[in-house]
Amino acid sequence: MGDKTPLGLNSVLVAIDASKKSVKALEFSFRLLQGNREGKLYILHAVTPVMLRVSGDAPQTGIMIVERQQEMLNEANKLVKKAVAHAKANGILNVEGIVKQQDPVKAIIQTADALKPDIIVLGNRGRSFRRGIFFGSVSQRVAADSPVSVLIVK
């Protein structure tokens, strides 16, 4: 077992998207592992799958949706690759990037179940409590269902 951070953390799962808040969450996760040369950082981005319902009247619509989904996966892979490079440039040596094509909440929970990180770090998208209740906040839903502690960065 490597040196632990002052907080006693050995592994952190940070879920990112392309928002400024997720950059803050990513950078906060660096601080959580600071001082632990063997600490592991998992960087996750989930691409919500597009539901495909195509009738015989417009089969080209299905092709466009599949192409857009592939574009989104390509963008996600670039985002995660950039985040991994940013983590390494900030002294995090043990980094793994993960892209999943899945609902973000399910992706985060399932990844946490599989990897058993000490903590999950998320950026707060700034939805009000009321709006989060009606439309569903990823951070609220992850915090409610997570098998580990969740830190929401503002």
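Summary table below
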item	result
Subset of segment 15-48 (residues that are more than 15 Å from Val95 (Cα to Cα) and in contact with a His (Cβ under 9 Å, 6 or more places away or on another chain))	Asp17, Ala18, Ser22, Val23
Hits in segment 101-121 - residues which are among the hydrophobic types (A, V, I, L, M, F, W, C), touching a residue at least 24 places away in the same chain (Cβ under 8 Å) and not in a strand (DSSP E or B)	Val105, Ala107, Ile108, Ile109, Ala112, Leu115
Residue in segment 90-100 that is in contact (Cβ under 8 Å) with a residue 24 or more places away in the chain and of a type in the set (Lys, Arg) present	yes
Residue count, segment 11-32 (criterion: touching a residue at least 24 places away in the same chain (Cβ under 8 Å), within 14 Å of Ile119 (Cα to Cα) and either in contact with a strand residue (DSSP E or B) (Cβ under 7 Å, 6 or more places away or on another chain) or open to solvent by 30 Å² or more (accessible area, probe 1.4 Å) (or both))	10
Matching entry among Gly91, Gly97 (being modelled with pLDDT of 90 or more, at positive phi and either buried (at least 16 other Cβ atoms within 10 Å of the Cβ) or part of a loop (DSSP other than H, G, I, E, B) (or both))	Gly91
Flag if Gly35 is open to solvent by less than 50 Å² (accessible area, probe 1.4 Å) and modelled with pLDDT under 90	no
Count - residues of segment 105-123 that are open to solvent by less than 30 Å² (accessible area, probe 1.4 Å) and either of a type outside the set (Val, Ile, Thr) or under 14 Å from Val14 (Cβ atoms) (or both)	10
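The values are calculated or read from the model by the stated rules, or taken from the named source; none is laboratory data. For clarity, every value in this text was computed on a predicted model and none was experimentally measured. A quick note on method: Cβ atoms are made from the backbone with ideal geometry, for glycine too, and the neighbour counts reach across all protein chains shown. Ligands, DNA and RNA are stripped out before the accessible areas are found, and what is left, the full protein with its side chains, is counted by its heavy atoms. Shrake-Rupley method; radii C 1.70, N 1.55, O 1.52, S 1.80 Å.
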